[in-house]
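No value in this document is a laboratory result; all are computed from the given coordinates. Just so we're clear, the structure is a prediction, and the values are computed from it rather than from any experiment.
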Amino acid sequence: MTTHATHPASTTVPAGPTAVSPRPRLDFARSAPKVFRALVGFDAAAREGLDPALVELVQIRSSLLNHCAYCLHMHTNDARKAGESEDRLHMVAVWREARHFFTEKERAALALTEAVTLVADGGVPDDVYAEAAARFDEEELAHLLALILTINTWNRVALSTGKMAGTDERRR
């Protein structure tokens, strides 16, 4: 909590990404149904041909980097339902220090996920791209990139519209 002392009657307000809006935010799916359906279609197309476990690892890593609790909760649950181990789920955040939990292909995907998710911090380094290109054929790599783009978009939709972790709206 940060106290703002610019006025004699200062108030305490939440600071940073944990701030919660006092008003309900936009229901994106209801307010822009065509855009929402297009994003759902893009997401479904991106997943085609990719290992479902890899899909969840990528979505978890991006959601961690973007601080999207809503998507992180959703995708860790999806990964568990798909048979992912708790050990691997706990290690996604520190995958470089826990390399033995992940295959070479998964590590290349996680590195590319980080580079694309944090693209403003220096682009996608050639060595990261080359490693992913060495582990995935062209079609898989294109789908992996599309998957990374979709989860980053979903993270931004969830964060912008104030989605709350634990309220997976797909279950309605």
For this session: Return the sequence-ordered ³J(HN,Hα) values of the stretch 157-163 in whole Hz as given by the Karplus equation 6.51 cos²θ - 1.76 cosθ + 1.60 applied to θ = phi - 60°, using x for Gly and Pro.
Result: 5, 4, 5, 5, 9, x, 5
Problem set entry | Residue-span extension gain [His100 to Leu118] - 0.36 nm each, minus C-alpha spacing | 4.1 nm
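Which semi-axes, in whole Å and largest first, does the equivalent ellipsoid of the stretch 101-163 have when worked out from the alpha carbon gyration tensor as the square roots of 5 times its eigenvalues?
Output for the stretch 101-163: semi-axes of 23, 13, 11 Å.
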Exercise. So between Val35 and Glu138, what do we pick up on full extension, going 0.36 nm a residue minus the alpha carbon distance?
Worked result: 34.3 nm
